[in-house]
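The values are calculated or read from the model by the stated rules, or taken from the named source; none is laboratory data. These numbers come from a predicted model, not from an experiment. Backbone-built Cβ (ideal geometry, glycine too); neighbour counts: all protein chains shown. When the accessible area is computed, the model is the full protein with side chains, heavy atoms only, and any ligands, DNA or RNA have been set aside. Shrake-Rupley method; radii C 1.70, N 1.55, O 1.52, S 1.80 Å.
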Amino acid sequence: MPEMDPNRGDQAPRWARLSRSLAFWALVIMVPLIVIQMVGSGRGSVQELSYTEFIRELEQGNVLKVVVIDGKQIEGELRAPIGSSADAGREFWTVLPVWHSEELLKRLEATGVTIDAEEARLNWWNVLVGALPWIFLIGLMLFWLRQMQASGARAFSFGKSKAKLLSGDTPKLTFADVAGCQEAKEELEETIEFLKDPSRFTRLGGRLPKGALLVGPPGTGKTLLAKAVAGEASRPFFSMSGSDFVEMFVGVGASRVRDLFEQGKAHAPCIIFIDELDAVGRHRGAGLGGGHDEREQTLNQLLVEMDGFESNEGVILIAATNRPDVLDPALLRPGRFDRQIVVDAPDVKGREGILKVHTRKIPLADDVDLAKLAKATPGTSGADLANMVNEAALLAARRDKDRVDMSDLEEAKDRVLLGAERRSMVISEEERRLTAYHEAGHAVAAYFTPECDPLHKVTIVPRGRALGLTFSMPEDDRHNYSKTYLMAQLIYAYGGRVAEERVFGADKITTGAGNDIERATALARRMIAEWGMSDVVGPINVGDRGDEIFLGREIVERRDVSEQMAQMVDEEVRRLLDEAYDEASRVINEHLERLHVLANALLERETLDSDEIITVFEGRELPPRPEEEATKADAQLDAAAGAANGGAAGEASGEQLEPAASLKSVQGESTKPETSR
């Protein structure tokens, strides 16, 4: 973690803590003193006499001597105390009325009283006690004003930066905790070396990079990399979100940008990290209407601070975003962000490394093969893999296991990629049968179409919002897609609808193919309009981009597409989809028998894995599952017990063969003519 310079910013927090401590103890000491003074502010044994009582004691000759203070008060001593109480004293004091005259002096002289006179004495203790409340209030106000200047007063710190400075007690993440993005780690490690030993790189005329932008899809580890940089840098590290700059008050964002870079200069060399940069760095001119645009002013100030007239030597800015397409071009130029580091979805080696990182503190069974699991999860991000490992640990704990085995990880993988099972959902037998044929149609189209990805699992158990799923998985990571492969995906998408129509009739097709048709149409349009996979349209981009609308840019940009070209694109999209539908129909009709067998197997077992699917398509009988073996063993024990007791053992043995016999008969029924309706 960053080590604070004792001569810099760490003194202010230390002085603030010391001031608060001194103020607290001063309050603890002074309040009791004030109370004691107020309670015990009496004169002890000195009693107060009214003027009438004083005259009466004077006439009785009980006054021994008096001291006239400033002509307004008399302090004196009695010859004998007044009253019989134990605390009665001889000393007294009396306030003289304003109209007392020389007659009083004559009466004092006549009674032989010793007379003295003094000027008024200043009682410093009384003055101090009276001034203490004011001193306390003024000191409290000065302390509050000092805090306002030092830390922004918190109540009025709209323009102060909300950046968090990571301290030494912050949990440390290092590059050992990051896997799957080796090139990004190397780029950031070089940046850290720049901070630790600048002379090593500047001796040949190089300069410190101004900034690095982490770009990649959500969940690939951009923020995690920034945390690792904070753990490795051993320099001050400021962290802030892009949305923290803009508030409801005008000018706050620009002020916070200035304050953030001022803090960075005070702690240089240091690193400033801004997460979700697109919240403040969007393209200027995207707002509609005139007036003051607070977000644009914040971006302008950020551009000036990163590369303006003032020098920001030693301050490196690291930012992360998953929307680099909406960032302002001035923000992306060299001199501001010198490096754009791509943090993409990990490959198979990276996924294996990520799984090793996340399973370090999880006890694994001997059958766990992380390499196989990494190969079975193409396209997943680091966040998906972390979630999968966590789900597997929760599943194993729910089942009271001591270790996480491969079955837990496989089930967690299906839960993350396909959704949680919804076995409690009530589905009619007719819907189950229709779903089984729909998913069997996808499986047949995928299995018997070259270039399709291998099937991984087929299920009619509802998962997420789907009543059934057919999951195919590529053997290797794909980065480019051929036209043959994309056409195979269209055929695979239409397999479910074709199976419904072939088995149940055209008037019984359902809405279950809605998502398949939507995905197939979108894919075909991109093939024609973006990727130039049509001889008629040619290699030209003639359609709107598939990303989200960026208000402002889309309004002013013209779409130079004629009506004739748009109609041509629509006709080509329709042609591709018709070809895919016809090919799917051909495959289903050619392998109709296997469609029935697979659908009946799904109705029997609900879920089939890749090995079981291949077994069905090859015409072999499905082996019993482990739970079926356990049921068979229990039935045999019951049969033996029945025979020993004179029961009907044959009846019991018939029951234990029922599951296998029913599956066999179901497979046999698939060859009957009536199933081909």
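Could we say that Thr380 is in contact (Cβ under 8 Å) with a residue 12 or more places away in the chain, under 29 Å from Thr510 (Cβ atoms) and among the hydroxyl-bearing types (Ser, Thr, Tyr) here?
no
If you check Ser199 against the conditions, is it open to solvent by 30 Å² or more (accessible area, probe 1.4 Å), within 17 Å of the chain's Cα centre (by Cα) and without any contact (Cβ under 8 Å) to a residue 40 or more places away in the chain?
The answer is no for Ser199.
Taking the stretch 370-395 as the region of interest, how many residues are open to solvent by less than 70 Å² (accessible area, probe 1.4 Å) and over 19 Å from Leu173 (Cβ atoms)?
So the answer is 15.
Are any of the residues in the stretch 401-417 among the β-branched types (Val, Ile, Thr), farther than 19 Å from Gly221 by Cα and open to solvent by less than 70 Å² (accessible area, probe 1.4 Å)?
yes
Suppose the filter is farther than 20 Å from Arg605 by Cα, part of a helix (DSSP H, G or I) and charged (D, E, K, R); does Arg502 pass it?
yes
For the stretch 174-188, state whether one or more residues are farther than 21 Å from Gly242 by Cα, modelled with pLDDT under 80 and open to solvent by less than 50 Å² (accessible area, probe 1.4 Å).
Start the filter on the stretch 174-188 by keeping residues that are farther than 21 Å from Gly242 by Cα, which leaves 174-187.
From the residues that got through so far, the ones that are modelled with pLDDT under 80 too are none.
No, the conditions are met nowhere in the stretch 174-188.
I'm checking my understanding of the structure. Among residues of the stretch 204-230 that are within 16 Å of Asp278 (Cβ to Cβ) and either of a type in the set (S, T, N, Q) or free of Cβ contacts under 8 Å to residues at least 40 places away in the same chain (or both), which one is least open to solvent (accessible area, probe 1.4 Å)?
Among those that are within 16 Å of Asp278 (Cβ to Cβ) and either of a type in the set (S, T, N, Q) or free of Cβ contacts under 8 Å to residues at least 40 places away in the same chain (or both), it is Thr220.
Give me the residue from the stretch 283-315 that is modelled with pLDDT of 85 or more and open to solvent by 40 Å² or more (accessible area, probe 1.4 Å) and, out of that set, farthest from Asp244 (Cα to Cα).
Per the criteria, the residue is Val304.
Can you name the residue in the stretch 538-564 that is modelled with pLDDT of 85 or more and over 25 Å from Asp325 (Cβ atoms) and, of all such residues, is surrounded by the most Cβ atoms within 10 Å (Cβ to Cβ)?
The extreme case among them is Gly538.
Considering only the stretch 323-351, state which residues are over 30 Å from Thr377 (Cβ atoms) and part of a loop (DSSP other than H, G, I, E, B).
Of everything in the stretch 323-351, those that are over 30 Å from Thr377 (Cβ atoms) and part of a loop (DSSP other than H, G, I, E, B) turn out to be Asp328, Arg333, Pro334, Gly335, Arg336, Phe337, Asp338.
Looking only at the stretch 183-203, count every residue that is of a type in the set (Asp, Glu) and farther than 23 Å from Ala345 by Cβ and tell me the total.
Looking only at that region, the number is 3.
Quick check on this structure: which one of Asp570, Asp638 is open to solvent by 20 Å² or more (accessible area, probe 1.4 Å), modelled with pLDDT under 60 and over 24 Å from Glu421 (Cα atoms)?
Sole residue among the options that is open to solvent by 20 Å² or more (accessible area, probe 1.4 Å), modelled with pLDDT under 60 and over 24 Å from Glu421 (Cα atoms): Asp638.
It is to be established whether one or more residues within the stretch 414-429 are part of a loop (DSSP other than H, G, I, E, B) and touching an Asp or Glu at 6+ places or on another chain (Cβ under 7 Å). Outline the logic, then answer.
Residues of the stretch 414-429 that are part of a loop (DSSP other than H, G, I, E, B), as a first pass: 419-420, 422-428.
Going one step further and asking which of them are touching an Asp or Glu at 6+ places or on another chain (Cβ under 7 Å), we end up with none.
Within the stretch 414-429, none of the residues are part of a loop (DSSP other than H, G, I, E, B) and touching an Asp or Glu at 6+ places or on another chain (Cβ under 7 Å).
For (1) open to solvent by less than 50 Å² (accessible area, probe 1.4 Å); (2) at pLDDT below 90, each residue gets a yes or a no:
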| site | (1), (2) |
| --- | --- |
| Thr484 | no, no |
| Ile491 | yes, no |
| Arg497 | yes, no |
| Arg502 | no, no |
| Lys508 | no, yes |
| Asn515 | no, no |
| Glu518 | no, no |
| Ala524 | yes, no |
| Ala529 | yes, no |
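Which numbered condition trips up Lys356, out of (1) surrounded by 14 or more Cβ atoms within 10 Å (Cβ to Cβ); (2) in contact (Cβ under 8 Å) with a residue 60 or more places away in the chain; (3) not aliphatic (A, V, I, L, M)?
Only one criterion in (1) surrounded by 14 or more Cβ atoms within 10 Å (Cβ to Cβ); (2) in contact (Cβ under 8 Å) with a residue 60 or more places away in the chain; (3) not aliphatic (A, V, I, L, M) is unmet by Lys356, namely (1).
Could you tell me whether any residue of the stretch 234-257 is open to solvent by less than 10 Å² (accessible area, probe 1.4 Å) and assigned to a loop (DSSP other than H, G, I, E, B)?
So far as the stretch 234-257 goes, yes, one or more of its residues are open to solvent by less than 10 Å² (accessible area, probe 1.4 Å) and assigned to a loop (DSSP other than H, G, I, E, B).
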